[in-house]
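K.L.:
Sharing a structure, written as structure tokens. Questions coming.
A short reminder: the numbers here are calculations on the coordinates, not readings from a lab. Remember, it's a predicted structure, so these values are computed and weren't measured experimentally. Backbone-built Cβ (ideal geometry, glycine too); neighbour counts: all protein chains shown.
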2 protein chains.
Amino acid sequence: MNGHAVETASHLIQNGVNAAKTLVHEPEMHDLDVSKLTVSLTKSPGKVPEPDSLEIWDMKTCTDHMVKVTWTDDVGWHAPTIEPYGQLTMSPIASCLHYATQCFEGLKVYRGFDGKLRLFRPDKNCARLVMSSARVALPTFNPKELEKLLKAFMKVDGPKWLPKSRPGRFLYLRPAIIGNGEQIGVTAPSEVLMFIVAVGWPDLSSGTRPGTLPKPPGLKLLASKSDVRAWPGGFGYAKVGANYGPAFVSHMEGRKMGYDQILWLLGADYQVTEAGASNFFIVWKTKEGNLQLVTAPLDAKVILEGVTRGSVLELARQRLVSGSEYLPPNITDLEVVERNFTMLEIEEAWEEGRIVEAFLSGTAYFITPVSAISFRDEEIDIPMGDGTSGYYAALLKKWLKDIMYGNVQHEWGVVIDEE
Amino acid sequence: MNGHAVETASHLIQNGVNAAKTLVHEPEMHDLDVSKLTVSLTKSPGKVPEPDSLEIWDMKTCTDHMVKVTWTDDVGWHAPTIEPYGQLTMSPIASCLHYATQCFEGLKVYRGFDGKLRLFRPDKNCARLVMSSARVALPTFNPKELEKLLKAFMKVDGPKWLPKSRPGRFLYLRPAIIGNGEQIGVTAPSEVLMFIVAVGWPDLSSGTRPGTLPKPPGLKLLASKSDVRAWPGGFGYAKVGANYGPAFVSHMEGRKMGYDQILWLLGADYQVTEAGASNFFIVWKTKEGNLQLVTAPLDAKVILEGVTRGSVLELARQRLVSGSEYLPPNITDLEVVERNFTMLEIEEAWEEGRIVEAFLSGTAYFITPVSAISFRDEEIDIPMGDGTSGYYAALLKKWLKDIMYGNVQHEWGVVIDEE
């Protein structure tokens, strides 16, 4: 609409007509604009849960406030608000409840060991939300404004919910956009809500829910059978609700069989795409003896372009090369490869003893080693280095943690001004 | 869960242990049960819109009441309620808002010319909702109970909103199931809401929105280009939200280009699947001169098993055969074919003058003739019989209408007892 108004106006101006906006009666559409933000503080603040408590593992405790921004097709983005956290109200014929006009992001906010509050590469999440929103006919916006909004939100709730006395802790931030107007017609929503909540989140990469036995380290993956998560020409690359609900059945079946995640395959040749809601990496030796870190490519648009995935690739390309000051002594440098690869290749590498390790990357699970893959009734066991993690997974995880928690200063760790 | 409890109990009983339920501490899971229904009537009844009014075309006016049924993973289905229509309230981290744990149905309730209120084959919609629900990890239920619930709902709102003074009118019924509990973890919802609303709905198959110029009859379809609606191993056969939102972008682009619906193709050979949110039928002569009614098959599970689609096929197989008492004089009987067919075949038939007509079928658009298909920058014009519709589309539509509005008595027209 914004684009349309501009186009009409410039057409009229080209024809020598002034005051085009008045003439065409199209109001200017507003972009997301954090300078209009208003803040209304809660009168009933909540209690911050203990780290690793059951409450944290339930993943239901949100902080005291939330961000809300309305978009309507006549005005564009309205003024953002930070307001007390609370229930949403919507019509039973809201588009998002019937037609999955919804998308989201997941990122964490970290309390650093230097006392500072940081986001990790929030520009990547904000840009991806713009892309995801457009993929389900929801409005776009300037991603820099969303980043400002995230910072403004954490300036309010960060100091209390991630106190300086608890360095090394994080909250999970969930921005979402939903078509929430009354609209049962099969068409793009004319009213939309962007909201952001911050949720207490457990350490899924190495923690254990209180009262349950510690699991052995490493995730067990079940290669998908008939179900296919995403397809060329589909929307597997976008963080939209439509990629999740339909995957839950396989996920639950896998759980019942004792597996942690589904490894999603595609096509008659069993291409490896992604696992659960994370990207998948494998380290193997080629038949020629080269050590490779391999993950699926982005070009077919069937996998999510994970922020952690991209960061793993960048760090590996910069640091796991011979001559790098980061490469630990006696550690072999790696060739980093993004290409289509198949379960048949993994199977062959396993039979020939060429698999070194495998891991998942993502915001929710961070870097988590993989200990086994079940494929066609065969259990492929994956080496786990020292028993808790493959070496490269542990090294990459440490490097990323150092950036997230301010042990090193790095441009990916974006400090939030709490003053 | 229900199944699991039963399994455990029978296992214990087999082992000679009585009172199995008490021992395993698993409460019996309840199925959907209309005998527990409670009704709470509105104190602020709404005004029934005029037929064909703008209000009807806005598709936002719901009747005075709605049905609600909660499901929780500890109890199963709770007692259903009919209560005043109103907004839903849910947590910002409700599963349905993030992970598209949602599915729905669409069916109509008709005020017959004999004064009776009817549903059209509601058993089909109810069974499909059970299937759709399971496909996105939502609970199942006895579909017969849902049918009873639809009837109970229309016993309350039918007499006022579809008065006997307006025979030939209908309302659109929208049952939906959403994962509405607080649950941001990527897993099957543990709390779910089934609800049903009744919406005023325009005649999309032949009406025109007030204040707009009447469109020429027939829908213009734009064959999809890079976007793919559904794929083998996916969920295109289920009525889940995930099939809709991601299709809106193509739909909106098509609209801007002057087309009414997208004709969804699949694969390198341009297989014709379905159109917009309807099934697609074509009538053509084969090269051998046989007259055929062709539509895509169900076996690849990429298209919705439309109730109207199934009814068209059944009626055509029963009545459009030589010797049938229904076959009008001088009208050629048809061969009814469900098979994969491609745009290349349609193109060839068009070039050779073998296309007779085409139409869409579905609850929202009923039977609507197709006048053109744009494919690879070529505009394939489809014959429209007398100018308003192909002959077979009009005949099938009349037969179906006669059943829906009680002009003939037929088992597909299920009468609602209004006493």
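K.L.:
Assume the label is 7 Å from Cα along Cα to beta carbon: what separations in nm does A:Gly258 have to the matching positions in the other copies?
P.N.:
For A:Gly258, the inter-copy label distances come out at 6.4 nm.
K.L.:
Further question: Where the label is 7 Å out from Cα toward Cβ, how close does B:Pro328 come to the same position in every other copy, in nm, shortest first?
P.N.:
8.3
K.L.:
Can you give the average number of partner chain beta-carbon atoms within 10 Å of each beta-carbon in peptide A:224-234, as a whole number?
P.N.:
What the average comes to for A:224-234 is 4.
K.L.:
Where does the Debye-calculated log10 I(q)/I(0) of the protein assembly as shown sit at q = 0.06, 0.08, 0.10 Å⁻¹, using only Cα point scatterers of equal weight, no solvent?
P.N.:
Those come out to -0.44, -0.78, -1.19, one per q.
K.L.:
Between A:Ser35 and A:Val321, how high is the FRET efficiency from 1/(1 + (r/R0)^6) when r is the Cβ-Cβ distance and R₀ = 45 Å? Nearest 0.05. Don't jump to the answer; show the numbers that get you there.
P.N.:
Working: r = 44 Å, r/R0 = 0.98.
According to the calculation, E is roughly 0.55.
K.L.:
Taking the Cα centre of the protein assembly as shown as origin, sum charge times position over the Cβ atoms of Lys and Arg (+1) and Asp and Glu (-1), and report the length of that vector in debye to the nearest 20. Walk me through the numbers on the way to the answer.
P.N.:
Values: 86 positive and 102 negative charges, 367 e Å.
Approximately 1760 debye in magnitude.
K.L.:
Please give the calculated 222 nm ellipticity per residue for chain B, where each DSSP H segment of at least 4 residues contributes -39500 (n - 2.57) and the sum is spread over every residue; nearest 500 deg cm²/dmol? Display every interim value, and only then the final one.
P.N.:
On the way: 10 runs with 105 residues, N = 419.
After summing the helix terms and dividing by the residues of chain B, the value is -7500 deg cm²/dmol.
K.L.:
Now, a different point. In chain B, what percentage of the DSSP-assigned beta bridges are antiparallel, given to the nearest 5? Can you show the working numbers first?
P.N.:
Working: 64 of 79 bridges.
Percent antiparallel among DSSP bridges in chain B is about 80.
K.L.:
Work out how much length A:Glu418 to A:Ala79 would gain on full extension: take 0.36 nm times their residue separation and subtract the Cα-Cα distance, in nm to one decimal.
P.N.:
Values: separation 339, 0.36 × 339 = 122.04 nm, distance 2.23 nm.
The A:Glu418-A:Ala79 span can extend by a further 119.8 nm.
K.L.:
Further question: When only alpha-carbon atoms are used, what values of Rg and Dmax, in angstrom, describe chain A?
P.N.:
23.2, 76
K.L.:
Once you keep just the Cα pairs under 8 angstrom separated by 6 or more residues, what percentage relative contact order results for the range B:34-200? Let's see the in-between values first.
P.N.:
On the way: 328 pairs, mean separation 53.5, N = 167.
It rounds to 32 percent for the range B:34-200.
K.L.:
If I build a Gaussian network model for chain A, linking alpha-carbon pairs within less than 10 angstrom, which residue out of A:Val109, A:Val302, A:Val337 has the largest mean-square fluctuation?
P.N.:
Maximum among the listed residues: A:Val337.
K.L.:
Lysine pairs in the range A:219-413 8 or more apart or on different chains: how many have alpha carbons under 28 angstrom apart?
P.N.:
24
K.L.:
Taking the Cα centre of the range B:239-360 as origin, sum charge times position over the Cβ atoms of Lys and Arg (+1) and Asp and Glu (-1), and report the length of that vector in debye to the nearest 20.
P.N.:
Values: 11 positive and 18 negative charges, 80 e Å.
Approximately 380 debye in magnitude.
K.L.:
Among A:374-382, A:143-151, A:175-183, A:97-105, how do they line up by average Cβ neighbours within 10 Å per residue, starting with the highest? List each step's numbers first, then the result.
P.N.:
Details: A:374-382: 14.7, A:143-151: 20.4, A:175-183: 24.8, A:97-105: 29.2.
Descending packing order for the listed peptides: A:97-105, A:175-183, A:143-151, A:374-382.
K.L.:
Okay, next question. Can you give me the angle between helix A:2-14 and the longest principal axis of chain A, using Cα atoms only, in degrees from 0 to 90, rounded to the nearest 10?
P.N.:
50 degrees
K.L.:
Return the single residue from B:Val69, B:Val356, B:Val408 with maximal mean-square fluctuation; model: Gaussian network over chain B, springs between Cα atoms under 10 Å.
P.N.:
B:Val408
K.L.:
Using alpha carbons only, how many angstrom separate the centre of the range A:393-410 from the centre of the range B:347-419?
P.N.:
62 Å
K.L.:
What do you get for the angle between helix A:143-161 and the principal long axis of chain A? Use alpha-carbon atoms, 0 to 90 degrees, nearest ten.
P.N.:
Compared with the principal axis, the helix lies near 70 degrees.
K.L.:
Would you order A:Thr61, B:Thr388, B:Thr63, A:Thr70 from fewest to most other beta-carbon atoms within 10 Å of each residue's own beta-carbon? Display every interim value, and only then the final one.
P.N.:
Working: A:Thr61 21, B:Thr388 13, B:Thr63 24, A:Thr70 18.
Least crowded to most crowded, the residues run B:Thr388, A:Thr70, A:Thr61, B:Thr63.
K.L.:
A further question on this structure: State which entries of B:Lys116/B:Lys144; A:Lys36/A:Lys68; A:Lys60/A:Lys124 exceed 18 angstrom in Cα-Cα distance in the structure shown. Walk me through the numbers before you get to the answer.
P.N.:
Numbers: B:Lys116/B:Lys144 21 Å; A:Lys36/A:Lys68 12 Å; A:Lys60/A:Lys124 26 Å.
Flagged as over cut-off: B:Lys116/B:Lys144; A:Lys60/A:Lys124.
K.L.:
Given label points at 7 Å from Cα along Cα→Cβ, what nm distances, shortest first, separate B:Lys43 from the same residue in every other copy?
P.N.:
2.5
K.L.:
Let me ask you something else. Take every Cα pair under 8 Å in the range B:219-413 that's 6+ residues apart, average their separations, divide by the length, and report that relative contact order as a whole percent. Please list the in-between numbers first.
P.N.:
On the way: 351 pairs, mean separation 41.8, N = 195.
Computed over the range B:219-413, the figure is 21 percent.
K.L.:
Another question, if that's okay. Return the Rg/Rh value of the range A:34-200, two decimal places, where both radii are evaluated on C-alpha atoms and Rh is the Kirkwood radius. Intermediate results must be reported in sequence, preceding the final value.
P.N.:
Working: Rg = 16.3 Å, Rh = 16.6 Å.
Value, to two decimals: 0.98.
K.L.:
For helix B:307-319, report the angle its Cα long axis makes with the longest principal axis of the Cα atoms of chain B; keep it between 0 and 90° and round to the nearest 10°.
P.N.:
Roughly 50 degrees, rounded to the nearest 10.
K.L.:
Relative to a virtual label point 7 Å from the Cα of B:Lys401 in the Cα→beta-carbon direction, which members of the range B:39-60 show backbone nitrogen distances below 16 Å?
P.N.:
Within reach of a label on B:Lys401: B:52.
K.L.:
Another question, if that's okay. Work the Kirkwood hydrodynamic radius out for the range B:219-413: mean of 1/r over every pair of different alpha-carbon atoms, inverted, in Å. Working shown, then result.
P.N.:
On the way: mean 1/r = 0.0584 Å⁻¹.
Its Kirkwood hydrodynamic radius stands at 17.1 Å.
K.L.:
Then there is this: When a/c is below 1.5 the answer is rounded, else prolate if a/b is larger than b/c, else oblate, so apply that to the range A:249-333 with a ≥ b ≥ c taken from the square roots of the Cα gyration tensor eigenvalues. Spell out each step's value before the answer.
P.N.:
On the way: a/c = 2.03, a/b = 1.98, b/c = 1.02.
Prolate, because a/c is 1.5 or more and a/b exceeds b/c.
K.L.:
In addition: Over chain B, with a Gaussian network built from C-alpha contacts below 10 Å, which listed residue (B:Ala198, B:Ala268, B:Ala134) shows the highest mean-square fluctuation?
P.N.:
Top of the fluctuation ranking is B:Ala268.
K.L.:
List the aspartates and glutamates whose Cα lies under 15 Å from the Cα of B:Lys43, skipping any in the same chain that are fewer than 8 positions away.
P.N.:
Output for B:Lys43: B:Asp64, B:Glu83, B:Asp157.
K.L.:
Jot down the per residue volume, in cubic angstrom and as a whole number, of the convex hull over the alpha-carbon atoms of the range B:192-248.
P.N.:
Measuring per residue, one finds 169 Å³ for the Cα hull of the range B:192-248.
K.L.:
Also, quick follow-up: Order of B:Ser322, A:Ser206 from fewest to most other C-beta atoms within 10 Å?
P.N.:
Numbers: B:Ser322 9, A:Ser206 16.
Ranked by crowding around the Cβ, least crowded first: B:Ser322, A:Ser206.
K.L.:
Can you put A:Lys160, B:Lys301 in order, fewest other beta carbons within 10 Å first? Please report the intermediate quantities before stating the final value.
P.N.:
Values: A:Lys160 12, B:Lys301 18.
Neighbour counts put them in this order, fewest first: A:Lys160, B:Lys301.
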